[in-house]
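Below is one structure, written out as structure tokens, with a few remarks after it.
The values are calculated or read from the model by the stated rules, or taken from the named source; none is laboratory data. Treat the numbers as computed from the prediction; the structure is a model and nothing was measured. Heads up, the Cβs are rebuilt from the backbone with ideal geometry, glycines too, and the neighbour counts pull from every protein chain shown.
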């Protein structure tokens with residue numbers, strides 16, 4: 001399928017709630033809003049594809065393009081591995097002016113050969129980028145020939161940056177897994193309680209925060225797509241009994257197509273927040289029982305949920321004195337616009353605004369459930385307005401991603417990173433506790449009073 | 001004299017080099033009220049922006065023309081025009097600094113032509129300076145992109161001197177290379193001011209990215225060289241260019257305005273610092289101030305105290321060419337030896353490095369050569385190899401994302417060199433003890449006891 005057809009296909013996603021709410025004609029236009037030149041932010045399709053695939057730790061990830069794509073971008077995420085480290089190395093063909101003139105296919109071929117000979121990895125993912133796409137380098141053909149020649153999987157990832165946004169790149173990565181990886185290896189240890197987790201990239205080890213919960217229930221991870229993954233695990237993902245899609249609208253096509261092709265049903269869920277973690281466990285247990293697991297899984301799950309929730313609420317209680325009465329500006333979007341709200345509200349915090357930029361109708365309903373019809377939902381807040389709210393004390397702390405970090409800090413207000421660049425793991429029950437702990441630390445740090453005090457010679 | 005050798009492999013592994021548009025856009029960060037704009041896909045901007053945020057720990061106002069597949073085929077004029085108009089109406093910058101990327105250069109866009117057209121169509125932009133630097137990703141690296149941007153600033157914004165206008169002898173221009181930190185620029189400005197002179201620094205990251213807290217929200221760069229300052233550079237009495245990659249800009253300014261220039265390959269170490277101070281003393285006709293004499297003496301003392309730890313130490317060094325020249329030469333002046341040298345691009349002046357060979361390559365090449373070294377110096381991406389090889393690691397250059405204070409690291413002048421001796425010397429001291437095995441007879445007697 002051509003790249004254009006692929007993009008049209010993933011944009012027609014019937015499993016996507018946002019898409020279902022659209023009319024037929026609107027749906028046909030696809031879900032990539034054209035970017036506004038001079039007022040756009042965020043990564044490109046290549047970026048998104050690499051984010052989704054690079055956590056496959058024992059594969060080599062080779063970027064075919066000039067130095068900007070990998071030289072500026074490698075080594076920038078905290079996707080953790082329990083073993084192999086090959087995925088951490090940056091590999092690129094570093095195309096020069098001469099390569100552009102003569103075509104980059106030969107150099108790509110040689111680069112693949114060097115990687116194959118030096119590391120003997122189970123797979124090499126080859127990322128197409130804008131410049132070689134423009135000059136007509138046929139990455140698919142080179143990968144096919146290299147797979148045959150070197151007897152390993154050389155997989156083209158056709159998501160050049162100009163194809164669209166990071167979100168589209170995520171989707172195209174999912175398509176790549178469907179087309180080239182999933183279903184290519186038969187495991188010999190299939191069980192009735194095997195699941196895949198889709199959409200978790202094990203940032204700062206968050207996958208490891210929740211896996212012990214599954215293990216206590218006897219639920220086994222067949223494949224992680226793709227946090228801390230091994231290539232062969234992903235290749236055998238088609239033998240799981242259920243899929244869990246976490247916080248990802250982008251990879252819903254992957255989950256839906258696995259259901260179509262391999263009859264693996266999926267549920268959507270999130271590990272952010274206490275109720276959500278419980279709901280994920282509950283939903284997954286139900287799904288597995290319907291798929292043939294022993295019915296006592298349901299009771300065991302309820303027992304685990306009850307004991308974990310009680311434990312975590314007790315632990316959270318000691319933060320109430322610091323957090324109670326504090327006003328939070330929650331600027332994230334998507335499911336995080338509500339998933340941590342209940343914990344914060346329970347501890348006496350007020351959410352003064354929560355942004356619903358990337359949120360679905362379902363997300364918005366959840367916010368209303370938690371905060372009532374008058375829930376303070378907003379779309380994008382211009383940075384200048386955000387700065388004012390923080391500077392004037394309308395909010396005591398902002399929870400957001402790295403992009404808006406300095407708006408808060410320059411306004412001399414505490415800030416907590418809750419997006420993918422963060423250094424702390426916030427998934428599951430213990431992750432929620434960790435988040436609240438970090439929140440309390442940020443708010444109670446002694447610098448705030450000092451930095452806000454004017455110099456003695458002013459006033 | 002070192003031989004420059006190109007790495008013979010097709011797969012660059014653990015890249016050392018970053019792209020030219022990133023260097024160009026970073027140079028534009030040193031202008032006041034500026035909005036750097038990369039003409040390419042949104043990813044070109046996003047990757048560079050993230051790297052700068054991680055290094056400086058500041059918001060970085062980069063923008064993108066957001067080229068997509070269709071506009072790449074049809075041509076980028078509309079995107080460039082819209083981007084400039086949107087930026088002008090939203091953030092009202094004094095300058096939009098435009099860098100091209102591999103994407104638009106491969107297509108062969110006539111960007112200067114597009115800009116003329118945009119100017120004609122939009123008289124409302126008359127108060128906004130537009131500067132364009134050609135920086136395709138596939139030619140050179142950060143240093144080359146930075147150089148192209150500074151040359152473009154001079155060529156576009158410096159005004160030819162009016163007839164009969166007097167030169168301002170008391171003012172000199174300082175063209176700062178990309179290897180200078182905000183801390184370095186502050187140091188050089190102080191040194192110049194110590195002679196009763198004032199300096200126009202271009203570009204001036206010490207104004208915008210020194211890490212300070214403005215009292216209001218500003219959506220462009222805040223601080224840096226002003227458009228008027230650049231316009232007036234032609235009236236200065238002298239231009240000082242720091243780093244070989246700033247010579248082209250110094251020559252361009254000279255050609256346009258006649259300001260004489262002097263170039264410094266490097267300003268790290270006693271000799272180069274003396275050379276700068278001597279130049280300033282000669283130019284100003286003043287005696288070297290007591291403060292600088294004292295600083296010199298302090299550096300000499302640091303060299304005396306520190307040299308024990310540097311003698312015959314084997315160093316692995318990688319970076320952009322002018323940073324390599326500054327640090328590599330200084331290291332040998334302290335008695336260390338350059339064992340493994342890797343540079344981003346094949347600049348001929350790398351031959352001046354006092355080592356056998358400079359490889360144009362990546363961090364993987366450096367790792368292959370650095371076994372048995374006593375010290376590693378490169379940017380933060382070297383931390384993986386430092387760990388694998390168990391090498392003491394001093395971070396220098398861009399990016400430094402796993403340390404605080406990259407903006408105030410000071411490597412030039414008497415005080416900068418002294419700081420450097422202390423920082424690197426401490427690392428070598430910590431790891432440099434002899435490990436004599438306990439004599440067999442002593443081991444025996446202890447076992448008996």
When every residue in the stretch A:144-166 that is part of a helix (DSSP H, G or I) and more than 27 Å from the chain's Cα centre (by Cα) is compared, the one surrounded by the most Cβ atoms within 10 Å (Cβ to Cβ) is A:146
Tally, over the stretch B:310-351, of residues that are farther than 15 Å from residue B:270 by Cβ, in a helix (DSSP H, G or I) and out of contact with any helix residue (DSSP H, G or I) (no Cβ under 7 Å at 6 or more places or on another chain): 4
Residue A:408 is checked against (1) within 25 Å of residue A:79 (Cβ to Cβ); (2) within 12 Å of another protein chain (Cβ to nearest Cβ) and fails just one. What number does that condition carry? (1)
Candidates B:253, B:276 - the one that is at pLDDT 95 or above, over 19 Å from the mean Cα position of the chain (by Cα) and within 29 Å of residue B:350 (Cα to Cα): B:253
Count, please, the residues in the stretch B:387-413 that happen to be within 14 Å of another protein chain (Cβ to nearest Cβ), under 16 Å from residue B:57 (Cβ atoms) and in contact (Cβ under 8 Å) with a residue 24 or more places away in the chain. 6
Considering the stretch A:378-411 alone, what residues qualify as being farther than 18 Å from residue A:447 by Cα and touching a helix residue (DSSP H, G or I) at 6+ places or on another chain (Cβ under 7 Å)? A:383, A:386, A:387, A:402, A:404
Residue list for the stretch B:217-246, filter: in contact with a strand residue (DSSP E or B) (Cβ under 7 Å, 6 or more places away or on another chain) and within 14 Å of chain A (Cβ to nearest Cβ): B:220, B:221
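Every residue, every condition in (1) surrounded by fewer than 20 Cβ atoms within 10 Å (Cβ to Cβ); (2) not in a helix (DSSP H, G or I), yes or no:
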| site | (1), (2) |
| --- | --- |
| B:156 | yes, no |
| B:161 | yes, yes |
| B:166 | yes, yes |
| B:170 | yes, yes |
| B:173 | no, yes |
| B:187 | no, no |
| B:192 | no, no |
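Which ranges mark the helices (runs of 4 or more DSSP H) fully within the stretch B:1-109 that have 1 or more residues being over 17 Å from the mean Cα position of the chain (by Cα)?
On the way: elements: B:20-28, B:42-56, B:69-74, B:77-91, B:102-107.
Where helices (runs of 4 or more DSSP H) fall fully within the stretch B:1-109 and carry at least 1 residues being over 17 Å from the mean Cα position of the chain (by Cα), they are B:42-56, B:69-74, B:77-91, B:102-107.
This table checks each residue for (1) modelled with pLDDT under 70; (2) more than 12 Å from every other protein chain (Cβ to nearest Cβ).
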| position | (1), (2) |
| --- | --- |
| A:1 | no, yes |
| A:23 | yes, yes |
| A:31 | yes, yes |
| A:36 | no, no |
| A:40 | no, no |
| A:45 | no, no |
| A:50 | no, no |
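Scan the stretch B:134-144 residue by residue and report those that are within 23 Å of residue A:135 (Cα to Cα) and within 19 Å of the chain's Cα centre (by Cα).
Here is the first cut: in the stretch B:134-144, the ones within 23 Å of residue A:135 (Cα to Cα) are B:134-141.
Correct list: B:134, B:135, B:136, B:137, B:139, B:140, B:141.
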Those residues of the stretch B:357-386 which are within 11 Å of chain A (Cβ to nearest Cβ) and part of a helix (DSSP H, G or I), in sequence order: B:363, B:364, B:367, B:380, B:381, B:382, B:383, B:384, B:385
Cβ-Cβ below 8 Å, separation at least six or inter-chain, first residue in the stretch A:347-361 and in the same structural domain as residue A:381 (by TED's automatic domain parsing) and loosely packed, with under 15 Cβ neighbours inside 10 Å, second modelled with pLDDT under 90 and part of a helix (DSSP H, G or I): which pairs? A:361/A:17; A:361/A:18
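Each row is one residue, and each column tells you yes or no for (1) at pLDDT 85 or above; (2) under 25 Å from the mean Cα position of the chain (by Cα); (3) within 23 Å of residue A:345 (Cα to Cα); (4) not in a loop (DSSP other than H, G, I, E, B).
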site	(1), (2), (3), (4)
A:374	no, no, yes, no
A:384	yes, no, no, yes
A:387	yes, no, no, yes
A:395	yes, no, yes, no
A:403	no, yes, no, yes
A:408	yes, yes, yes, yes
Checking residue A:164 against (1) out of contact with any strand residue (DSSP E or B) (no Cβ under 8 Å at 6 or more places or on another chain); (2) more than 19 Å from residue B:13 (Cβ to Cβ), which single condition isn't satisfied? (1)
All conditions in (1) part of a loop (DSSP other than H, G, I, E, B); (2) out of contact with any strand residue (DSSP E or B) (no Cβ under 9 Å at 6 or more places or on another chain) are true of residue B:397 except (2)
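In the stretch A:281-357, which helices (runs of 4 or more DSSP H) lie fully inside it and hold 3 or more residues that are at pLDDT 95 or above?
Working: elements: A:296-317, A:320-323, A:336-339, A:341-346.
Output list reads A:296-317.
Quickly run through the stretch B:202-230 and pick out the residues that are closer than 22 Å to residue B:84 by Cα and outside any loop (DSSP other than H, G, I, E, B).
Kept after step one, since they are closer than 22 Å to residue B:84 by Cα, are these residues of the stretch B:202-230: B:203, B:208, B:217-228, B:230.
Passing the criteria: B:208, B:225, B:227, B:228, B:230.
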Quick one: count up the residues across the stretch B:56-84 that are in contact (Cβ under 8 Å) with a residue 24 or more places away in the chain, at the interface with another protein chain (Cβ under 7 Å from one of its Cβ atoms), in contact with a helix residue (DSSP H, G or I) (Cβ under 8 Å, 6 or more places away or on another chain) and more than 23 Å from residue B:210 (Cα to Cα). 8
Out of all the residues in the stretch A:410-439, which are closer than 17 Å to residue A:329 by Cβ and part of a helix (DSSP H, G or I)? A:410, A:435, A:436, A:438, A:439
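Take residue A:141 and decide whether it is closer than 18 Å to residue A:180 by Cβ and either at pLDDT 95 or above or more than 8 Å from every other protein chain (Cβ to nearest Cβ) (or both). Talk me through it step by step, then tell me what you get.
On the way: closer than 18 Å to residue A:180 by Cβ: yes; either at pLDDT 95 or above or more than 8 Å from every other protein chain (Cβ to nearest Cβ) (or both): yes.
Spelling it out, residue A:141 is indeed closer than 18 Å to residue A:180 by Cβ and either at pLDDT 95 or above or more than 8 Å from every other protein chain (Cβ to nearest Cβ) (or both).
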Search the stretch A:440-451 for residues being assigned to a helix (DSSP H, G or I) and more than 14 Å from chain B (Cβ to nearest Cβ), and hand back the single one that is surrounded by the fewest Cβ atoms within 10 Å (Cβ to Cβ). A:449
Working only within the stretch A:52-80, note down all residues that are in a helix (DSSP H, G or I) and in contact with a helix residue (DSSP H, G or I) (Cβ under 7 Å, 6 or more places away or on another chain). A:52, A:53, A:68, A:69
Within the stretch A:93-120, can you find the residues that are touching a helix residue (DSSP H, G or I) at 6+ places or on another chain (Cβ under 8 Å), within 9 Å of chain B (Cβ to nearest Cβ) and not in a helix (DSSP H, G or I)? A:93, A:94, A:95
